[in-house]
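What follows is a short report on a single structure.
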Amino acid sequence: MRFVQFIRNGTRCIGVELKQGGDIVNLTASDTAFPGDLRSYIEKENALKSNLNRLMGSNPQVVKRQEVTLLAPVTSCDKVLCVGMNYKDHCEEQNAPVPVEPVIFNKFPSCIIGPNETMDYPAETQCLDWEVELTIVIGKEGRNIKVSDAMDHVFGYTVANDLSARDWQLTAGKNGGQWLLGKAMFQFCPLGPAVVTPDELGDPHNLGLRCRVNGVTKQDSNTNQLVHKTREIIAFISRFMCLKPGDLILTGTPPGVGCFRKPPEYMKRGDVVEVEVDGIGTVTTTIA
């Protein structure tokens, strides 16, 4: 299924897209058992499965796409985790070795904005960069998860733009060489438009993904280039922390980011950046 979170008539709801970019079954308005946010649904998924199946098999309330305002599909999650240097072709563009273990850093839930929002160019950076990323949405709590069990903890996948302030991330000596400030500024995680469950998406490691800035393609690759894939990422991270329902894991970006272009390219006010993953959809962000 394709889960979305949206506002309709001033009320926050969750729903299921009938097709990519199509009309939406309003779960919250159709059955009082459904909460108004997707993280809460994920936490209660097992208890609500029968309600969902019954509703989708009946005559559910369907709302037109143009009648809703899409939100980020997951908000107020416990963690937003990210994997760096996780595409073979991205490592090659930097002449960097392929990491033996996943390189983990983080953003914060307050970084998340919706799939069609405007973000303010931060005054603290002059080097705002784009990164299209397939994103895992955790469905079940777990620690020390085995690789063989990892897919049991996946609720679905969505799309994120891992916006990055390269001057704070990559400048030698800046912030002690740590990435956090360059990755976790306010609004640095545009997310959406839907969370697609594994049974609907198919193989998550054979999907085209791309980024366009003002209509010009900057990144164009495939998730088959991922170094560490879903199972390995979840198993590795869960050795160190407890993964919880609704947690997000951005899985890395392919080549074509602005900082490694010759000469480097960065976004400016007025730019429109689109990131998309086949089978999930497109996140469009206007830089103000």
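The values are calculated or read from the model by the stated rules, or taken from the named source; none is laboratory data. None of these values were measured; they are calculated from a predicted model. Cβ placement follows ideal geometry from the backbone for every residue including glycine, while neighbour counts extend to all protein chains displayed. Only protein heavy atoms, including side chains, enter the accessible area calculation; ligands, DNA and RNA are left aside. Shrake-Rupley method; radii C 1.70, N 1.55, O 1.52, S 1.80 Å.
Looking at region 16-26, can you tell me whether even one residue there is within 14 Å of residue 192 (Cα to Cα), at pLDDT 95 or above and part of a strand (DSSP E or B)?
Yes, some residue in region 16-26 is within 14 Å of residue 192 (Cα to Cα), at pLDDT 95 or above and part of a strand (DSSP E or B).
Restricting attention to region 142-181, which residues are free of Cβ contacts under 8 Å to residues at least 24 places away in the same chain and surrounded by 22 or more Cβ atoms within 10 Å (Cβ to Cβ)?
Selection gives 169 alone.
Any residue in region 240-268 that is within 30 Å of residue 45 (Cβ to Cβ) and open to solvent by 70 Å² or more (accessible area, probe 1.4 Å) sitting within a Cβ distance under 9 Å of a residue that is at pLDDT 95 or above and part of a strand (DSSP E or B)? List the pairs, counting only those 6 or more apart or interchain.
Partner pairs satisfying both residue conditions: 240/104; 244/138; 244/142.
Quick one: in region 52-99, of everything that is within 22 Å of residue 257 (Cβ to Cβ) and free of Cβ contacts under 8 Å to residues at least 40 places away in the same chain, which residue is most open to solvent (accessible area, probe 1.4 Å)?
Per the criteria, the residue is 95.
Spot the failing condition for residue 39; the list is (1) touching a residue at least 40 places away in the same chain (Cβ under 8 Å); (2) surrounded by fewer than 16 Cβ atoms within 10 Å (Cβ to Cβ); (3) part of a helix (DSSP H, G or I), and only one is missed.
Every listed condition holds for residue 39 apart from (2).
In region 115-130, is there at least one residue being open to solvent by 10 Å² or more (accessible area, probe 1.4 Å), in contact with a Phe, Trp or Tyr (Cβ under 6 Å, 6 or more places away or on another chain) and of a type outside the set (Lys, Arg)? Lay out the reasoning, then the answer.
Filtering region 115-130 for residues open to solvent by 10 Å² or more (accessible area, probe 1.4 Å) gives 116-118, 120-124, 126-127.
If we keep only those that are in contact with a Phe, Trp or Tyr (Cβ under 6 Å, 6 or more places away or on another chain) as well, we get 127.
In the following step, the residues that additionally are of a type outside the set (Lys, Arg) were identified as 127.
Yes, region 115-130 contains at least one residue that is open to solvent by 10 Å² or more (accessible area, probe 1.4 Å), in contact with a Phe, Trp or Tyr (Cβ under 6 Å, 6 or more places away or on another chain) and of a type outside the set (Lys, Arg).
Give me the residue from region 100-112 that is part of a loop (DSSP other than H, G, I, E, B) and open to solvent by 50 Å² or more (accessible area, probe 1.4 Å) and, out of that set, farthest from residue 25 (Cα to Cα).
100
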